[in-house]
Amino acid sequence: MMMNNYNVRLARKVLEAIQNLENGTRTLAETQSVLESSAPLCENDGSGLEKAIRLAAADLESIQFTTMRDEQTPAAIFRLANLRAALQAADTESP
């Protein structure tokens, strides 16, 4: 996924939110909020960033309402692993 500079900055914001969730300094709801607020700001650069973020946000919502509380964070981290890997790879590819 090749992104323009603006989307790279948004991707870094999303990566930071994922890292904070993993560290326990951000809740699942806060992480979902970051994803939901970032998706509409994405520029259409052909990277598919907006779609990937929207799908992840929807999955986090599903996890919140269908998973037992003590299993929510591990399930969210597992779900966000693919998004994180894609964003990290794109960050290293971008100019």
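The values are calculated or read from the model by the stated rules, or taken from the named source; none is laboratory data. Quantities reported herein were computed from a predicted structural model and do not represent experimental measurements. Glycine also receives a Cβ, built like all others from the backbone with ideal geometry; neighbour counts cover every protein chain displayed. Just the protein is used for accessible areas: all its heavy atoms, side chains included, with ligands, DNA and RNA removed. Shrake-Rupley method; radii C 1.70, N 1.55, O 1.52, S 1.80 Å.
Would you check which residues across segment 58-85 are under 19 Å from Val8 (Cβ atoms) and either in contact (Cβ under 8 Å) with a residue 24 or more places away in the chain or aromatic (Phe, Trp, Tyr) (or both) and list them? Those that are under 19 Å from Val8 (Cβ atoms) and either in contact (Cβ under 8 Å) with a residue 24 or more places away in the chain or aromatic (Phe, Trp, Tyr) (or both): Leu80, Leu83, Arg84. If you go through segment 45-61 and keep only what is surrounded by 12 or more Cβ atoms within 10 Å (Cβ to Cβ), in a helix (DSSP H, G or I) and not hydrophobic (A, V, I, L, M, F, W, C), you end up with Glu50, Arg54, Asp59, Glu61. Taking segment 29-44 as the range and being in a loop (DSSP other than H, G, I, E, B) and either surrounded by 14 or more Cβ atoms within 10 Å (Cβ to Cβ) or modelled with pLDDT of 95 or more (or both) as the test, the residues that pass are Cys42, Glu43. Annotation note: of Arg12, Arg26, the sole residue that is at pLDDT 90 or above, open to solvent by 70 Å² or more (accessible area, probe 1.4 Å) and either part of a helix (DSSP H, G or I) or of a type in the set (Lys, Arg) (or both) is Arg12. Among residues of segment 62-92 being farther than 15 Å from Leu21 by Cβ, of a type in the set (A, V, I, L, M, F, W, C) and open to solvent by 60 Å² or more (accessible area, probe 1.4 Å), the one that is farthest from the chain's Cα centre (by Cα) is Met68.
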